[in-house]
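The structure appears right after this line, and notes come after that.
The values are calculated or read from the model by the stated rules, or taken from the named source; none is laboratory data. In this text the structure is predicted, and so the values were computed from the model without any measurement. Cβ placement follows ideal geometry from the backbone for every residue including glycine, while neighbour counts extend to all protein chains displayed. Note: areas computed on protein heavy atoms with side chains; ligands, DNA, RNA excluded. Shrake-Rupley method; radii C 1.70, N 1.55, O 1.52, S 1.80 Å.
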Amino acid sequence: MYLAVSGTCYWCMEAVFSSLRGVSDVEQGFVKSKDGRYVEAAVFRIDESITRLEDIVSVHLATHSSTANHSARKKYPSAIYPMESNRLGQCDFAIGLAAKAYSEAVITQAKPFVAFYPNPNTQQHYFWRQPDKPFCQNTILPKLKALAVRFPTLIKPKAVQYLSASINAKQAKEKRREGAF
């Protein structure tokens with residue numbers, strides 16, 4: 001199954017979903033739905049024999065403001081776009097299941113997919129090519145760490161290794177800093 005998601009910046013979504021078992025072919029760019037708008041999104045393939053759609057939807061809701069109708073919602077609508085129109089109902093159902101974990105109403109919707117326009121290759125794999133960039137360290141890395149804590153069985157081994165090394169390096173740096181005083 002191919003799926004596109006929107007809700008936050010495409011660099012964040014690309015890093016999150018490329019970290020998941022059973023997810024491949026992750027690209028970031030712009031998705032177009034029937035409303036004619038183009039919004040930042042990530043598109044990817046899910047191997048449902050490895051990771052269930054319900055788990056993908058749960059991760060999506062957990063890694064962006066899925067209950068907030070904030071001022072940037074026009075640019076970042078909270079949505080899931082199955083490439084196969086006959087999967088809209090299944091996506092709606094998965095959103096409903098995942099929404100039960102929240103005390104506030106989830107605003108995420110399943111929307112019809114029209115087209116996807118990927119960013120240039122120089123922008124793809126943004127986090128994994130340059131994890132030390134400030135945006136990656138300050139915005140994406142905290143999301144990946146929270147993802148690993150909340151959904152540890154869904155994370156790919158390479159992502160776990162990177163996150164473990166990152167946490168260990170931070171702890172070592174803090175210990176060195178403490179020793180300097």
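Couple of notes before you dig in:
- Between helix 141-150 and the chain there is an angle of about 80 degrees, using the helix long axis and the longest principal axis of the Cα atoms.
- For segment 1-106, the alpha-carbon radius of gyration amounts to 0.98 times the rule-of-thumb value 2.2 N^0.38 Å expected for a compact globular protein.
- The Cα-based radius of gyration and maximum Cα-Cα distance (Dmax) for segment 116-160 are 12.2, 32 Å.
- Of all the options SER19, SER164, SER103, the one that moves most in a Gaussian network model of the chain with Cα springs shorter than 10 angstrom is SER103.
- Value at 222 nm in deg cm²/dmol, rounded to 500, when DSSP H runs of n ≥ 4 in the chain each add -39,500 (n - 2.57): -11500 deg cm²/dmol
- Whole-number percent relative contact order across segment 28-181, with pairs defined as alpha carbons under 8 Å at least 6 apart: 26 percent
- Entries of LYS100/LYS156; LYS75/LYS156; LYS74/LYS100; LYS34/LYS74; LYS75/LYS111 with Cα pairs more than 18 Å apart: LYS100/LYS156; LYS75/LYS156; LYS74/LYS100
- Once the gyration tensor of the Cα atoms in segment 2-56 is diagonalised, the equivalent ellipsoid follows with semi-axes of 20, 12, 8 Å, ordered largest first.
- Per-residue Karplus couplings for segment 91-107, computed as 6.51 cos²θ - 1.76 cosθ + 1.60 with θ equal to phi - 60°, are listed in order as 5, 4, 4, 5, 5, x, 5, 5, 5, 5, 7, 10, 7, 9, 5, 7, 9 Hz, Gly and Pro entered as x.
- Translational D in µm²/s for the chain (Stokes-Einstein at 20 °C, 1.002 mPa s, Kirkwood Rh from C-alpha pairs): 127 µm²/s
- Per residue, the accessible area of segment 1-121 comes to 44 Å² when a 1.4 Å probe rolls over the protein heavy atoms.
- The figure for SER49 is an accessible area of roughly 100 square angstrom, using a 1.4 Å probe on the protein chains alone.
- Each 5 Å bin from 0 upward holds the following percent of the Cα-Cα pairs of segment 42-82: 5, 19, 27, 24, 13, 8, 3, 0.
- Largest-first principal axis extents, alpha carbons of segment 65-131, Å: 38, 28, 22
- Förster-model FRET efficiency, 35 Å R0, PHE135 and GLU178, C-beta, rounded to 0.05: 0.80
- Segment 1-120 - percent of accessible surface contributed by carbon and sulfur, probe 1.4 Å: 50 percent
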